[in-house]
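Student: Could you have a look at this structure, given as structure tokens, before my questions?
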Amino acid sequence: MSAIPDNPYLLLTPGPLSTSPTVRQAMMKDWCTWDQEYNQLVNAIRDRLVALALPESDAASEEFTCVLMQGSGSASVESVIGSVIPPDGKLLVLANGTYGKRIGQIADVLSIDVKVWDFGEQGAIDLDALEQQLSGDHGYSHVAVVHCETTTGRLNPIEQIAKIVKNSNTCLIVDAMSSFGGVSIDVAKLDIDFLISSANKCIQGVPGFGFIIAKRSALELTQGMARSLSLDLYDQWKCMQEGGGKWRFTSPTHTVRAFDQALIELAAEGGVDARHQRYLQNHQVLVDGMRALGFKTMLEDDVQSPFITTFYNPTDAAYQFEEFYQRLKLKGFVIYPGKVSDADCFRIGNIGHVFPEDMERLIKVISTELYWLA
Ligand SMILES: *Cc1c(COP(=O)(O)O)cnc(C)c1O
């Protein structure tokens, strides 16, 4: 399998990403948002997402539930932050990039008591310091962390973080936007209370909604806490749960249909582990090829996720990212600008309907396009 002939270019970006032709084909019909057939499809999707979040602990499937939420991924993050922290709660955000900081911004806008612990965009979360901070009478009701910080591609050590947070009797919120579906995460084993992801990342659907895997007992405590009407997580859950898969307000029907197809294709590929292997291969072909061309990765290999990779821009005076970008786009590849504030870098995504052969083609194109530097 290889690139998509009916698309102008392959998206090597962390979502929206390149989808399969069959996922896009699923959007070519109009679906009623209130119809029973559609609502049953919605509930089947919720069940399948819970199953994906419990790879080894199927027995826990009654303990977890799933809520779908309209909007981009940030809307789902905002829905959780705004809906599950009580008026007297206090949130600790562990941040090492834009998406961690965004959780802090959301809390600020909603006047939630929050402390953003910033470890720096290129820094690791200090687990010893965290353990110390959360020992004794720490005063936090909730801790939020990003699993794969898409700013750099760093994979934060979610098992260790979960252990520390849960030992401190604190509610754990995980933004697993760019990792869920691309690496095995067991919400029951890690005892995660709220995990957030979206349709257009590793499940390989199109944009339009996000989803929250929630521990039922934690979600049930949040009735009436929401600071927003349309992003009220509890109310959305109640409506879906009791209405047989109904959304409170107009749902992104085409996107949901495409997502259903994407879930079918994830299973056909062999599930999350098989997809993880493909992303690892994509990443390895990319990194080996780029290093052979003289590019340097920003992160150490042992903290690097297989989802998105950050490279330093070449230092040649003749090099400009914009020109590099345009040249690659003309050849059928769209890459991603850097997001680290104090480093000159760019990013290449490895996720989506993208295969090792595509990465090999990319490396060939980069090696021929770089001649303008010579
Ligand atoms: C993509 C992403 C989001 C959500 O971004 P949107 O642009 O709102 O879809 C949130 N967190 C992380 C880590 C992401 O990668």
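The values are calculated or read from the model by the stated rules, or taken from the named source; none is laboratory data. Just so you know, these numbers come straight off a predicted model, no measurement behind them. Heads up, the Cβs are rebuilt from the backbone with ideal geometry, glycines too, and the neighbour counts pull from every protein chain shown. Accessible surface is based on the protein model in full, side chains and every heavy atom, while ligands, DNA and RNA are left aside. Shrake-Rupley method; radii C 1.70, N 1.55, O 1.52, S 1.80 Å.
Student: Open to solvent by less than 60 Å² (accessible area, probe 1.4 Å), farther than 21 Å from Thr150 by Cα and not aromatic (Phe, Trp, Tyr): is that true of Glu265 in this structure?
Tutor: When the stated conditions are applied, Glu265 passes them.
Student: So which residues in region 88-110 are of a type in the set (Gly, Ala, Ser) and touching a residue at least 24 places away in the same chain (Cβ under 8 Å), if there are any at all?
Tutor: Gly89, Ala95, Gly97, Gly100, Ala107, listed by residue number.
Student: In region 71-90, what residues are within 16 Å of the ligand (Cβ to nearest atom) and open to solvent by less than 40 Å² (accessible area, probe 1.4 Å)?
Tutor: Gly71, Gly73, Ser74, Ala75, Ser76, Val77, Ser79, Val80, Ile81, Gly82
Per-residue answers, yes or no, for (1) over 26 Å from Gly71 (Cα atoms); (2) out of contact with any Cys (no Cβ under 9 Å at 6 or more places or on another chain):
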| residue | (1), (2) |
| --- | --- |
| Glu269 | yes, yes |
| Asn282 | yes, yes |
| Phe307 | no, no |
| Tyr312 | yes, no |
| Leu330 | yes, yes |
| Gly338 | no, no |
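Student: Return yes when Glu322 is out of contact with any helix residue (DSSP H, G or I) (no Cβ under 6 Å at 6 or more places or on another chain), open to solvent by 10 Å² or more (accessible area, probe 1.4 Å) and over 22 Å from His276 (Cβ atoms) and no when it is not.
Tutor: yes
Student: Okay, moving on. Can you pull out the residues in region 97-111 that are within 11 Å of the ligand (Cβ to nearest atom) and not aliphatic (A, V, I, L, M)?
Tutor: Gly97, Thr98, Tyr99, Gly100, Lys101, Arg102
Student: Then there is this: Could you tell me how many of the residues in region 335-354 are surrounded by fewer than 17 Cβ atoms within 10 Å (Cβ to Cβ) and of a type outside the set (Asp, Glu)? So that I can check it myself, show each step before the final result.
Tutor: As a first pass, look at region 335-354 and keep what is surrounded by fewer than 17 Cβ atoms within 10 Å (Cβ to Cβ): 337, 341-344.
Next, only the ones that are of a type outside the set (Asp, Glu) stay: 337, 341, 343.
Looking only at that region, the number is 3.
Student: Scan Val42, Val50 and give me the residue that is assigned by TED's automatic domain parsing to the domain that holds Leu172 and more than 27 Å from Asn169 (Cβ to Cβ). I'd like the intermediate steps shown before the answer.
Tutor: Values: Val50 fails: more than 27 Å from Asn169 (Cβ to Cβ).
None of the others qualify; the one that does is Val42.
Student: Could you list, in sequence order, the residues of region 117-141 that are touching a Pro at 6+ places or on another chain (Cβ under 9 Å) and open to solvent by less than 20 Å² (accessible area, probe 1.4 Å)?
Tutor: Selection gives Ile125 alone.
Per-residue answers, yes or no, for (1) touching a helix residue (DSSP H, G or I) at 6+ places or on another chain (Cβ under 7 Å); (2) charged (D, E, K, R); (3) more than 30 Å from Gln223 (Cα to Cα):
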{"residue": "Gly15", "(1), (2), (3)": "no, no, yes"}
{"residue": "Asp35", "(1), (2), (3)": "no, yes, no"}
{"residue": "Asn39", "(1), (2), (3)": "no, no, no"}
{"residue": "Leu54", "(1), (2), (3)": "yes, no, no"}
{"residue": "Ala59", "(1), (2), (3)": "no, no, no"}
{"residue": "Glu62", "(1), (2), (3)": "no, yes, no"}
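Student: Restricting attention to region 29-54, report how many residues are open to solvent by 10 Å² or more (accessible area, probe 1.4 Å), under 18 Å from Ile264 (Cβ atoms) and at pLDDT below 95.
Tutor: Within region 29-54, residues that are open to solvent by 10 Å² or more (accessible area, probe 1.4 Å), under 18 Å from Ile264 (Cβ atoms) and at pLDDT below 95 number 3.
Student: What is the number of the single condition among (1) closer than 30 Å to Phe346 by Cα; (2) surrounded by 19 or more Cβ atoms within 10 Å (Cβ to Cβ) that Gly289 does not meet?
Tutor: (2)
Student: Where the second residue is among the polar types (S, T, N, Q) and crowded, with 24+ Cβ neighbours inside 10 Å and the first is more than 21 Å from Ala262 (Cβ to Cβ) and lies in region 196-222, which pairs have Cβ atoms under 7 Å and are six or more apart or on separate chains?
Tutor: Thr222/Ser83
Student: In addition: Quick one: which of Arg257, Arg227 is in the same structural domain as Pro157 (by TED's automatic domain parsing), open to solvent by 50 Å² or more (accessible area, probe 1.4 Å) and assigned to a helix (DSSP H, G or I)?
Tutor: None of the other options fit; the residue is Arg257.
Student: Here is a further query. Could we say that Thr22 is crowded, with 20+ Cβ neighbours inside 10 Å and polar (S, T, N, Q) here?
Tutor: No; evaluated as a whole, the condition is false for this residue.
Student: Against the definition (in contact with a Pro (Cβ under 9 Å, 6 or more places away or on another chain) and not polar (S, T, N, Q)), how does Gly224 come out, yes or no?
Tutor: no
Student: Can you name every residue in region 96-115 that is of a type in the set (A, V, I, L, M), more than 15 Å from the chain's Cα centre (by Cα) and surrounded by 16 or more Cβ atoms within 10 Å (Cβ to Cβ)?
Tutor: Ile106, Ala107, Leu110, Ile112, Val114
Student: Still on this model: Between Lys166, Lys201, Lys189, which is over 23 Å from Tyr99 (Cα atoms) and either modelled with pLDDT under 95 or among the charged types (D, E, K, R) (or both)? Break it down stepwise before answering.
Tutor: On the way: Lys166 fails: over 23 Å from Tyr99 (Cα atoms); Lys201 fails: over 23 Å from Tyr99 (Cα atoms).
Among Lys166, Lys201, Lys189, only Lys189 is over 23 Å from Tyr99 (Cα atoms) and either modelled with pLDDT under 95 or among the charged types (D, E, K, R) (or both).
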